[in-house]
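Visitor: Have a look at the structure that comes next, please.
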Amino acid sequence: MRTFYILLFLFAAAPAFSYLDPGTGSLLLYALSGIATSMLFGLRNVWYWLRGKSLFRGGPAVSSRLPDVVFHSEGGKYWQVFEPVIEALTAEGVACAYVTPDAKDPGLSSSIKGLNSLRPGGEMATISFMNAASAALVVSTTPHLDVYMLRRSKGVKRYAHLFHSPTDIVFYEKYAFDWYDALMTVGPFQEQSVRALESCRGTPRKELLPTGNTYFDYMLEETTRLPTRSDGKKIALYAPTWGIRSSVLKYGAGILESLAEAGFQVIFRPHPQFYVSHKELIEDIEKLSGRLGSRIEIDRKRTGIESMARSDLMVTDLSGVLFDYACLFGKPVLLAMADAEPGGQEGEDLAKPYWDVEASHELSFGLVGDDLEGLPALAESAMASTESNADRIRDFRDRNFYNFGHAGKAAADNIVEIIRGSY
């Protein structure tokens, strides 16, 4: 229904045969796309809802028997976001449920006491189950509540969004968080952007709960179990994002090749969506890896923490992994794509400069130039400055992120306050 009202507003506000500027046209197409999506999945939602009622009738996963707090996950890769919160919450005696569509989600086999993990089925079955759930609070990493397929259930009193990346909201698609009741914010930069959009759109003010980035807790714990490196190799991690902000679209395999031929061992770890959206590029890089042998390896593990720990520096784009690497390990970062335009995204309605862009430049040691022959020398220089970089990164982290290393406890405290009605 939110999409319908957006479309209705556009038609009412513009005279017949008037000129549609590109921004309004983008919004109109977005609204039409939302309506089409809703119609397409409407009947399937009904089927999955009925199937879910039949599947879970009398069992422990019946929505009316869910605990007060329900965590809705998009899949196993988000377990590291939820686990620190769930552990802290259950330690306070608050029972909760974890709902996922992923049969391989580690949360399904978790032994945390007080946690009820369940999988209603695949993605559509899980969405339909959540759309009919009953709980005091649903916490989700999924944006676009009440815009796309995830809808507010009449049985749920409050919805809170838990961010899964230490970045601003600039590069999310429009209306990503407009209809949530509360946002568990990573840092003050997110709060400024949210308030600016609320003022621009006239949407209800959300509860902004200072929390931090919860998967930093998880990854810090993981780093204590990693072996210490002592091989003396120069290891560079190349971790590009996907889509129009990906440096691979500009350089192809050039960054990998330049570093490998200069004597670096290079680990290539692209964003998971890269394997879906850029299959031909992956094939080209696999061929290069085969030609250069052990000098290039491709990391396909669930998390990139081992590659981060092994490497001496990272080359990346405007991406959340930049903040992960810098803040968790204090190692130098080279920025391969230095700017991006947020076409069709929240940044269109926000004023520049964007925090993501400014912060990425502040944290990085330098920019990768079009002449990739100079890249190895830049990498060597960055590695020689690791200690001074670490101090600069620590200062940045303390200024920009709430509760570094303790965000799970902060999130749990916020949840307890919500369900007790203190907010």
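Visitor: Once the other residues with Cβ under 14 Å from the Cβ of Ser199 are scored (Lys, Arg +1; Asp, Glu -1), what is the net sum? Intermediate values should be presented prior to the final figure.
Guide: On the way: positive: Arg195, Arg201, Arg205, Lys206; negative: Asp178, Glu191, Glu198, Glu346, Asp349.
My count for the surroundings of Ser199 gives -1.
Visitor: Going by amide H atoms built from the backbone, whose H comes under 5 Å of the H on Asp312, apart from near neighbours?
Guide: Ile235, Ala236, Leu237
Visitor: The range 160-211 to the range 106-133: how many Å between their Cα centroids?
Guide: 25 Å
Visitor: Still on this structure: Taking the number of other C-beta atoms within 10 Å as the exposure measure, put Ile127, Ile419 in order starting with the fewest.
Guide: The order, fewest Cβ neighbours first, is Ile419, Ile127.
Visitor: Calculate, in nm to one decimal, what Ala384 and Ala351 gain on full extension: separation in residues at 0.36 nm each, minus their alpha carbon distance.
Guide: That works out to 8.2 nm of additional length.
Visitor: With θ set to phi - 60° and the Karplus curve 6.51 cos²θ - 1.76 cosθ + 1.60, what are the ³J(HN,Hα) couplings of the range 400-406 in order, to the nearest whole Hz, using x for Gly and Pro?
Guide: Karplus-based 3J(HN,Hα) across the range 400-406 equals 10, 10, 6, 6, 4, x, 9 Hz.
Visitor: What are the equivalent ellipsoid semi-axes of the range 221-400, built from the alpha-carbon gyration tensor (square roots of five times its eigenvalues), in whole angstrom, biggest first?
Guide: Numbers: eigenvalues 111, 91, 50 Å².
Result for the range 221-400: semi-axes of 24, 21, 16 Å.
Visitor: Most exposed first by the Cβ proxy, i.e. fewest other Cβ within 10 Å, how do Glu341, Glu346 rank?
Guide: Arranged by neighbour count, lowest to highest, Glu341, Glu346 become Glu341, Glu346.
Visitor: Could you derive backbone 3J(HN,Hα) for the range 66-74 from the dihedral phi with the Karplus parameters 6.51, -1.76 and 1.60 (θ = phi - 60°), listing whole Hz in sequence and x where the residue is Gly or Pro?
Guide: So the Karplus estimates, Gly and Pro as x, are 5, x, 4, 10, 10, 9, 9, 10, 8 Hz.
Visitor: Can you tally the net charge around Leu259? Count Lys and Arg as +1, Asp and Glu as -1, for every other residue whose Cβ sits under 13 Å from the Cβ of Leu259.
Guide: Residues close to Leu259 contribute a combined charge of -3.
Visitor: Sticking with this structure for a sec: Please go through the range 121-224 and write out the trypsin sites (Lys or Arg not before Pro) that DSSP classes as loop and that have at most 14 other C-beta atoms within 10 Å.
Guide: Hits after loop and neighbour filter: Lys154, Arg205.
Visitor: Have a look at Met337, Gly366, Tyr275 and report the one farthest towards the positive end of the charge dipole of the range 221-400, computed about the Cα centre with Cβ charges (Lys/Arg +1, Asp/Glu -1).
Guide: Of the candidates, Tyr275 comes out farthest on the positive side.
Visitor: To the nearest 20 Debye, how big is the dipole of the range 221-400 about its Cα centre, given +1 on the beta carbon of each Lys and Arg and -1 on that of each Asp and Glu?
Guide: 700 debye
Visitor: Rank Ala384, Val357, Ile244 by how far each Cα sits towards the positive end of the charge dipole of the range 221-400 (+1 on Lys, Arg Cβ; -1 on Asp, Glu Cβ) and give me just the farthest.
Guide: Most positive-ward Cα: Ala384.
Visitor: Take the residue pairs Lys77/Lys352; Lys77/Lys409; Lys233/Lys279; Lys104/Lys287 and return only those whose Cα atoms are more than 28 Å apart.
Guide: Cα-Cα > 28 Å for Lys77/Lys352; Lys233/Lys279; Lys104/Lys287; rest within.
Visitor: Then there's this: Which log10 I(q)/I(0) values does the range 254-357 give at q = 0.17, 0.21 Å⁻¹ under the Debye formula, counting every alpha carbon as one identical point scatterer?
Guide: -0.91, -1.25
Visitor: Let me check I've understood the local charge: for Arg295, count other residues with C-beta under 13 angstrom from its C-beta, Lys and Arg +1, Asp and Glu -1. What total comes out?
Guide: The answer is 0.
Visitor: State the Cα centre-to-centre distance between the range 338-367 and the range 368-418 in whole Å.
Guide: 16 Å
Just so you know, all these numbers are worked out from the coordinates, no wet-lab data involved. Not measured: the values here are computed from a predicted model. With ideal geometry, Cβ positions are generated from the backbone for all residues, glycine too; neighbour counts draw on all protein chains shown.
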